[in-house]
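These notes concern the structure reproduced below.
The values are calculated or read from the model by the stated rules, or taken from the named source; none is laboratory data. It should be emphasised that the depicted structure is a prediction, and the values quoted were computed from it without experimental measurement. As a convention, Cβ positions derive from the backbone with ideal geometry for all residues, glycine included, and neighbour counts pool all protein chains shown. Note: accessible area is taken over every heavy atom of the protein model, side chains too, but ligands, DNA and RNA are not part of it. Shrake-Rupley method; radii C 1.70, N 1.55, O 1.52, S 1.80 Å.
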Amino acid sequence: MQADPFSLSIVLPAYNEEEILEETVQRAAIYARSRGFRFEMIVVNDGSTDDTRERAEQLQSTVPELRLVNHPTNRGYGEALRSGFNAATKEWIFLMDADGQFDISELDRFLSATADADALLGYRANRADTIIRAAFTRAYSLFIWVLFGLRVRDAGCAFKLFRRSAWLAAQPIVSRDHKIFTVEWLQNMQRKGLRMTEFPVTHYPRTTGHPTGARPDVIWETLKALVALRLR
């Protein structure tokens, strides 16, 4: 008897990604169709000030599996993740940013381990970022291990595959900021005894947009929020 098709919700958070969105969506659709998945694709437009929303709406004519979740104003990355995950309806949820820094075909290695895991977490094996951002990621990982006992190499890596049931089991997640949101989410899964496995993924240089995560003020606010989460 043939196994049922793999049931997958592809969640793509997007903020001012008009230049790369079409390429990311089309590549994801080609990949999912070539693997025979039963899938949906959810683009979360987090209050973009460019034409990201319009590009997503245009793509629905060629990618009928595409659904758009629109935030009229920018709520932040953590809230974009929450909206996308809550909108998902398939058995598995796959998170990948819309900025073109990952290759969705690397999901193949994750799929081979789904029978023995509830969440499969990517970590960037070759950070295509500045030295400062790479150093911050290492320090951040050490900090959350010390504070929460959470042994995750790269919590902020936007290449994750997890069961929708694992997302529901991790509720409630109170935090809104992306880095704190992710820590609370992973910590809740760990507390529930859910099985988490890590895989290396290739990280490609950003060709559009401007990351802000390594700014000193952002780093300071992140550290304060992590301590507040620990004391909650």
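Key figures for this structure:
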item: Residue within the range 68-89 that is open to solvent by less than 10 Å² (accessible area, probe 1.4 Å) and over 21 Å from Gly122 (Cα atoms) present; result: yes
item: Test result for Phe6, open to solvent by 40 Å² or more (accessible area, probe 1.4 Å), touching a residue at least 40 places away in the same chain (Cβ under 8 Å) and closer than 19 Å to Glu106 by Cα; result: yes
item: Positions within the range 57-67 being open to solvent by less than 60 Å² (accessible area, probe 1.4 Å) and touching a Leu at 6+ places or on another chain (Cβ under 9 Å), in sequence order; result: Leu59, Leu66
item: Filter result for the condition that a residue is part of a strand (DSSP E or B) and within 21 Å of His203 (Cβ to Cβ), over Gly84, Gly122, Gly78, Gly100; result: Gly122
item: Matching option when the condition is at pLDDT 95 or above, in a loop (DSSP other than H, G, I, E, B) and among the aliphatic types (A, V, I, L, M), among Leu194, Leu186; result: Leu194
item: Complete set of residues in the range 32-56 that are touching a residue at least 40 places away in the same chain (Cβ under 8 Å), in contact with a helix residue (DSSP H, G or I) (Cβ under 6 Å, 6 or more places away or on another chain) and open to solvent by 10 Å² or more (accessible area, probe 1.4 Å); result: Phe39
item: Answer from Ile144, Ile132 - the residue that is out of contact with any Gly (no Cβ under 7 Å at 6 or more places or on another chain), of a type in the set (Val, Ile, Thr), buried (at least 19 other Cβ atoms within 10 Å of the Cβ) and at negative phi; result: Ile144
item: Pairs with Cβ under 6 Å, 6+ apart, first in the range 101-125 and among the hydroxyl-bearing types (Ser, Thr, Tyr), second part of a loop (DSSP other than H, G, I, E, B); result: Tyr123/Arg153; Tyr123/Asp154; Tyr123/Cys157
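Residue by residue, here is whether (1) at pLDDT below 95; (2) not polar (S, T, N, Q) holds:
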| residue | (1), (2) |
| --- | --- |
| Glu79 | no, yes |
| Asn86 | no, no |
| Trp92 | no, yes |
| Ala125 | yes, yes |
| Ile131 | yes, yes |
